[in-house]
1. Does B:Thr246 qualify as being in a loop (DSSP other than H, G, I, E, B) and open to solvent by 10 Å² or more (accessible area, probe 1.4 Å)?
2. Could you pull out the residue among A:Ser105, A:Ser120, A:Ser167 that is crowded, with 19+ Cβ neighbours inside 10 Å and over 23 Å from A:Leu252 (Cα atoms)?
3. Quick check on my filter: what residues within region B:146-159 are in a helix (DSSP H, G or I), without any contact (Cβ under 8 Å) to a residue 12 or more places away in the chain and open to solvent by 10 Å² or more (accessible area, probe 1.4 Å)?
4. Just checking, does region C:140-159 include any residue being within 14 Å of chain B (Cβ to nearest Cβ), without any contact (Cβ under 8 Å) to a residue 24 or more places away in the chain and exposed (fewer than 14 other Cβ atoms within 10 Å of the Cβ)?
5. Taking region A:1-35, which residues are part of a helix (DSSP H, G or I), of a type in the set (Gly, Ala, Ser) and modelled with pLDDT under 85?
6. I'd like the full set of residues that are within 7 Å of chain A (Cβ to nearest Cβ), open to solvent by 10 Å² or more (accessible area, probe 1.4 Å) and under 19 Å from the mean Cα position of the chain (by Cα), limited to region B:249-294.
7. Is it the case that A:Phe131 is within 30 Å of B:Ala222 (Cβ to Cβ), open to solvent by 50 Å² or more (accessible area, probe 1.4 Å) and either touching a helix residue (DSSP H, G or I) at 6+ places or on another chain (Cβ under 8 Å) or without any contact (Cβ under 8 Å) to a residue 60 or more places away in the chain (or both)?
Amino acid sequence: MWKLILRRFLIMIPQLILMTILLFALAKMMPGDPFTGRFSAHTDIHTLLRLRREAGLDDPWPTQYFRWINNIFHGNLGNSFVLQKPVATLLGQRIQNTVWLGLLSLGLVYTIGIPTAVASATHEGSFRDRFWTTYNSITGGIPAFVIYIFMLFLFGFTLNWFPTTGSVSIDANGFWPVLGSRFYHLILPALSVALFSTVSLFNTLRTSLLDARSADYVRTARAKGVSNKRVFWRHIFRNSMLPVASTFGFDLVGIFSGAVILETVFGYPGMGRLFVQSITTRDYTTMNAIMLFSGTLTLIGSMLNDIIMSWVDPRIRIK
Amino acid sequence: MAKAKKIEQSESQAHAHSFLKAAVREFKRDKIAMISFFFLVIVVFGVFIGSMFIPRDAFSNVDIMDTNLAPFTNGHILGTDDGGRDEFLLVVIAARNSLSISIPVTIVIMAVGIFLGLMSAYYGGFFDWIWMRITDYLSIVPTLMILLTLLTIINNYSIWTLVWVISLFSWIGSMRFFRALTFAERENDYVKASKLSGSSSLAIMWKQIFPNLSSQFYAQTALAFAGNIGLETGISYLGYGLPYTTPSLGTLVNKATDPEVMTQSPWMWLPASFLILALSVSLIFIGQALRRVADQRQSLA
Amino acid sequence: MTELLRIEDLKVHYPIRTGFWNRITDYVYAVDGVNFSINEGETYGLVGESGSGKTTIGSVIVGLEKATAGKVIYKGQDVTKASSRRKIHYNRDVQMIFQDSMSSLNPRKTVYQIIAEPLHNFEHLDNNAMDKRIKQLLDIVGLPQRTLYQYPFQFSGGQRQRIGIARAVATNPKLIVADEPVSALDLSVQAQVLNFMKDIQKEFNISYLFISHDLGVVRHMTKNIAIMHLGRFVEIGTRDDVFDDPQHIYTKRLLAAIPEMDVTNREQNKAHRLAIEKQYQDHHADYYDASGRPYPMRKLTDTHSVAMTREEAEAAGVASGKAEADALAKGGE
């Protein structure tokens, strides 16, 4: 097992290197540099050039690349020239917000997805089954941002049930009121994600439930006289959750890849919104840091995925 | 030789004909898919033909008297926007622009997907390995963010630039889909038999294996089309698609980011949003009906 | 009787990759040093359990699989390499009949298209000649003309196998590798297809390499038989050699396992089976080497060779010095 983890980890290293090269190339393709925004037309061109040289922007690309990597390892992601703050500090708060939103969404996806898949699979072909299958294929295919806007319009503005922007109310003071207010702000975006993102969980679980139902070990259990309920929960459900568990890594990553649009619509101050804001202001340092962060996270997620998969499914381990 | 080709043609027509027959039967049974199909046809043709009749200067002269009109006033069916432009005409133009991107993107990614998927699975070995590593790599980079970054770097682009940039990451899904299908198909002895009958690899891929995937190909095209409409309008919604002068459906929905517009003048963003939804949903229904046809034919075989 | 195809010391090994770096740590010896030859117009039987490597030999002969070592010689020409096969349009002469008729016919192609494929690639006929030839082939395999534009799923298993045979004989081949051609068919249809294969053999002077695990079918079809076990031949001989005078323990076990219809000798048969089984347990080392694989072949008579140790061969009482040396030279290993 540890061998497999080590091997999977080693595979990650070249992937990570390739990604940093890609991001570095993107950064170099972006017009302007950190000093472009800092000086007005009056600034002496020689001062500018000196500053550039001192910042190492005239060095050959490989030198710059390795300096950038070195800085990252020391936790230095550069400074945002627009917001005049180190990017690392800027990201910290935003990432927290995104993580909370993501975890709540993921939790809701599982609470909605699992029971509906079970209901569907246990009544295959019934109205219930057709309803949930159709529901999932539609919600899984329509563009998310339109849904988010409808949800915001309906529950935020029209019915006034939930706040329409931000992550916490300014009036909230003290630990519990702030926590409550944060949670209150999370509900609508999280629910919007959950209601319309169950498709992959639903399909995976439903298919594996249906497959397991006709498997030999289930028939054997039945033949031994095990009660239906016990057969379902002990044999069918347990085994069917394995493929679901194995996609957990990617689900986790999905939180961050969906954040751009979700946070923009709900005006939620997370990492995705920060990214869109920094594109608008051409804040390249921040953009790059966010891409690096979510890319690394995806890598870790897919590694986690493979490890969980081989952990729950011995066939892969043996191979 | 020419005659032989003709026979082959008429036979492939016979095959296409039988798919068409099966599809028609399925659509007759599934009324929702049927309605979706006609809706899609009407919208696509209506939008492309209709937009030819909209004069170029329809939006250039801003009418201050007619700004922010509610629907059904002064002959504006869907009202006007803050610049006094007729919303209905805007939606038609925007839909045309959106489709002008999502249709080519669909064609590009389906072509690339079937081509690479077939080759990768058929040849296997190193060729397959290299392409799988490439797709693995592309599927772990933060796609949407890189797309947006690329679009800010290339600041002067045409519809075609947008098509290529969006296609850059979207072919992965369709390639993997066809690769998996080809892998399953390749195991059949008819592939070996074809080899022994002296057919070249290319002939085996396109003349023997591809006809067995064609039903899946049509279904997948419909679903990919729905996905691409979502992708294009999403990028435009964020403000990085077509320039403001060539509005996309996403650009119109973007007006809803202003709470004032969202609550007070819903006619400025609702029609576009509904059209996006209706297009995607109908494509999903069509795709599912086609997939059922494909599966039946698969099980028949 | 002229030799059509000769296999010399054929080996097919598949690498097994394991460990941290996915290095090749071992091989599967699917076929491990096999020699035999097929004469013109005769049927050569290849018998063995599943996994014994008999299908791999067939695949190498038609060119679907690459040999790791050894040679395939067709009419005196070395055709081991794909390039040399292409040069002489090898597959025009050497065709194959598959076990699974469903999977071997493309479900999206009509009978016409299926049979036309090899003709189109090898014969370059004009349209009329093509039509005529395809109709003629349908006649040969006994299918009505109206089925020309039907799809494979519209036929029964036996009929589909006939379409497969029509495709195989379309280019007038000299050798057809038949890989378990009837094991997927009903018993009643099996005999029909087998007899029909015999008929076209006589008519067109075709050689068969008949691969099967069914000894009854092999006895009915073949003149020479090779028994295969664990990637090697254990016994080669004429039909009479193998069926009436089996020498290798594996052959004996196979023969003993054939169900007897006659119940009068039930006890006797059972005793015979048990005796063979006991012999297998006690004398395993006489037939299989330390690594559990069969020994190289030794010649008993001109037609009959068996894989066993020198002592056993001597005990069997034949093995003239020359035949012995011949067998060793040929047997390789």
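The values are calculated or read from the model by the stated rules, or taken from the named source; none is laboratory data. All of these numbers come straight from a predicted model, not from anything done at the bench. Cβ placement follows ideal geometry from the backbone for every residue including glycine, while neighbour counts extend to all protein chains displayed. Each accessible area value is taken on the protein alone, full model and side chains, heavy atoms only, with ligands, DNA and RNA left out. Shrake-Rupley method; radii C 1.70, N 1.55, O 1.52, S 1.80 Å.
1. Details: in a loop (DSSP other than H, G, I, E, B): yes; open to solvent by 10 Å² or more (accessible area, probe 1.4 Å): yes.
The answer is yes for B:Thr246.
2. Values: A:Ser105 fails: over 23 Å from A:Leu252 (Cα atoms); A:Ser167 fails: over 23 Å from A:Leu252 (Cα atoms).
Among A:Ser105, A:Ser120, A:Ser167, only A:Ser120 is crowded, with 19+ Cβ neighbours inside 10 Å and over 23 Å from A:Leu252 (Cα atoms).
3. So in region B:146-159, the residues in a helix (DSSP H, G or I) come out as B:146-153, B:159.
Cutting the leftovers down to without any contact (Cβ under 8 Å) to a residue 12 or more places away in the chain gives us B:149, B:153.
Within region B:146-159, just B:Ile153 meets the criteria.
4. Looking through region C:140-159, at least one residue is within 14 Å of chain B (Cβ to nearest Cβ), without any contact (Cβ under 8 Å) to a residue 24 or more places away in the chain and exposed (fewer than 14 other Cβ atoms within 10 Å of the Cβ).
5. First, the residues of region A:1-35 that are part of a helix (DSSP H, G or I): A:2-29.
From what's left, of a type in the set (Gly, Ala, Ser): A:25, A:27.
A:Ala27 - this is the single residue of region A:1-35 that is part of a helix (DSSP H, G or I), of a type in the set (Gly, Ala, Ser) and modelled with pLDDT under 85.
6. Those that are within 7 Å of chain A (Cβ to nearest Cβ), open to solvent by 10 Å² or more (accessible area, probe 1.4 Å) and under 19 Å from the mean Cα position of the chain (by Cα): B:Leu277, B:Val281, B:Gln288.
7. Values: within 30 Å of B:Ala222 (Cβ to Cβ): yes; open to solvent by 50 Å² or more (accessible area, probe 1.4 Å): yes; either touching a helix residue (DSSP H, G or I) at 6+ places or on another chain (Cβ under 8 Å) or without any contact (Cβ under 8 Å) to a residue 60 or more places away in the chain (or both): yes.
For A:Phe131, the condition - within 30 Å of B:Ala222 (Cβ to Cβ), open to solvent by 50 Å² or more (accessible area, probe 1.4 Å) and either touching a helix residue (DSSP H, G or I) at 6+ places or on another chain (Cβ under 8 Å) or without any contact (Cβ under 8 Å) to a residue 60 or more places away in the chain (or both) - is met.
Let's see how each residue does on (1) part of a helix (DSSP H, G or I); (2) modelled with pLDDT of 95 or more; (3) more than 14 Å from chain C (Cβ to nearest Cβ); (4) surrounded by 19 or more Cβ atoms within 10 Å (Cβ to Cβ):
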site: B:Ser100; (1), (2), (3), (4): yes, no, yes, yes
site: B:Trp129; (1), (2), (3), (4): yes, no, no, no
site: B:Arg133; (1), (2), (3), (4): yes, no, yes, no
site: B:Tyr137; (1), (2), (3), (4): yes, no, yes, no
site: B:Val165; (1), (2), (3), (4): yes, no, yes, yes
site: B:Met175; (1), (2), (3), (4): yes, no, yes, yes
site: B:Ala184; (1), (2), (3), (4): yes, no, no, no
site: B:Lys192; (1), (2), (3), (4): yes, no, no, yes
site: B:Trp206; (1), (2), (3), (4): yes, no, no, no
